[in-house]
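Working notes for the structure below.
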Amino acid sequence: LALGALLFNIIRPRITDPVRLLATAQVLVAALVMVGLIGVAVRPEALAPGSSLATLQSLAIAAVVVVLPVTVVMGLSFPAASALLADDAQHAGAESGTLVAVNTVGAIAASVIIPFLLIPALGSPVVVAVLAVVNAGLGVALALGLGRPGRTIAAVGMMVAVVVGAVPFVPGVLIQPNEAYIAARGGDLFASTEDEIASVQSGQITFTPELWVAGTSMTLLTVDAKLMPILPLMARPDSTNALVVAFGMGSAFR
């Protein structure tokens, strides 16, 4: 974000129409997000862990490829929007406050709506596609408001919106990244779900079933877990009720 804002300051003298920059940025964000999602995030075979150093290198490259371009463009957008504000003493404070307020309210609302409502209902890859369509649509709306100079941007934005909107309906393109990781390792997926906290998968890659939370293997199906409930029974042999606090693979409960 800081790099994008710095870039805006560098190119600001050459910008004659901030709205055109805003429209282009929104369309570009939509395209870059989908390229990163489809090209890297849902293709975890490119990040298959080898040595520790190789894994760190692949993760760093993925972060640069997926996150950096999008956030740089987003960093351009906010100062571009601020360039549209009135610069006179009577209106500058109110308009600046309104811009910051709208940005803050949007960030808070999205932080609630996306993880608590959209991701459990649609899954994170589809939600990313939906948000990309919103970006492209906003870019098209801004470009159409420019008249003839914005037609090219609007046409490209419409193409991006149509392609992104069609991607979720193409089988095998948008896959939950952690499901794709299990498949890339030749594993069997038993169940998968996402909620406002994390994605959770159960499956088997090696000799025993595993439980993944946010892509990290949390536990294996082992004899140790089956024996753990015996310990409190040894301490309180007359007990008739037990509380299972950790529900991982369900071994203690069984």
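The values are calculated or read from the model by the stated rules, or taken from the named source; none is laboratory data. The shown structure was predicted, so the numbers you read here are calculated from the model rather than taken from an experiment. In this analysis, Cβ positions are derived from the backbone assuming ideal geometry, glycine residues included, and neighbour counts consider all displayed protein chains. Remember, those area values only see protein heavy atoms, side chains included, never the ligands or the DNA or RNA. Shrake-Rupley method; radii C 1.70, N 1.55, O 1.52, S 1.80 Å.
Here are a few things to note about the model shown:
- In degrees, nearest ten, helix 2-11 long axis to first principal axis of the chain (Cα): 20 degrees
- Check: the chain dipole with +1 on Lys, Arg Cβ and -1 on Asp, Glu Cβ, in debye: 480 debye
- Taking amide H as placed 1.01 Å from N in the peptide plane, the amide H of LEU211 sits under 5 Å from that of MET218, THR219, each at least 5 places away or on another chain.
- Remark on the chain: Rg and Dmax equal 24.1, 83 Å (Cα only).
- Solvent exposure of the stretch 160-254 amounts to 67 Å² per residue of accessible area, where only protein heavy atoms count and the probe is 1.4 Å.
- Annotation: Cα Rg of the stretch 140-248 relative to the compact-globule expectation 2.2 N^0.38 Å equals 1.88.
- Helix 124-144 and the longest principal axis of the C-alpha atoms of the chain enclose an angle of approximately 0°.
- Between ARG12, ARG185, ARG236, the residue with the greatest mean-square fluctuation in the GNM of the chain (Cα pairs under 10 Å linked by springs) is ARG236.
- ILE61 accessible area, 1.4 Å probe, all protein chains in place, Å² to nearest 10: 110 Å²
- Inter-centroid distance (Cα atoms) of the stretch 135-176 relative to the stretch 71-93, Å: 24 Å
- Near-label residues of the stretch 59-92 by backbone N, under 14 Å of a point 7 Å along Cα→Cβ of ASN9: 76, 79-80
- Cα Rg, Dmax (largest Cα-Cα span) when computed across the stretch 84-207, Å: 20.4, 71
- The simple spin-label model puts a point 7 Å past each Cα toward its Cβ; for ASP238 and VAL65 those points are separated by 6.5 nm.
- Expected 222 nm ellipticity per residue - DSSP helices of 4 or more, -39500 (n - 2.57), all of the chain, to 500: -17500 deg cm²/dmol
- Taking amide H atoms as placed 1.01 Å from N in the peptide plane, the amide H of PHE190 lies under 5 Å from those of SER202, GLY203, GLN204, each 5 or more residues away in sequence or on another chain.
- For the stretch 102-110, putting each phi into the Karplus relation 6.51 cos²θ - 1.76 cosθ + 1.60 with θ = phi - 60° gives couplings of 4, 4, 5, 4, x, 5, 5, 4, 5 Hz, in residue order, rounded to whole numbers and with x for Gly and Pro.
- Helix 68-82 and the longest principal axis of the C-alpha atoms of the chain enclose an angle of approximately 40°.
- What a 1.4 Å probe finds exposed on the chain is 69% carbon and sulfur by accessible area, rounded to a whole percent.
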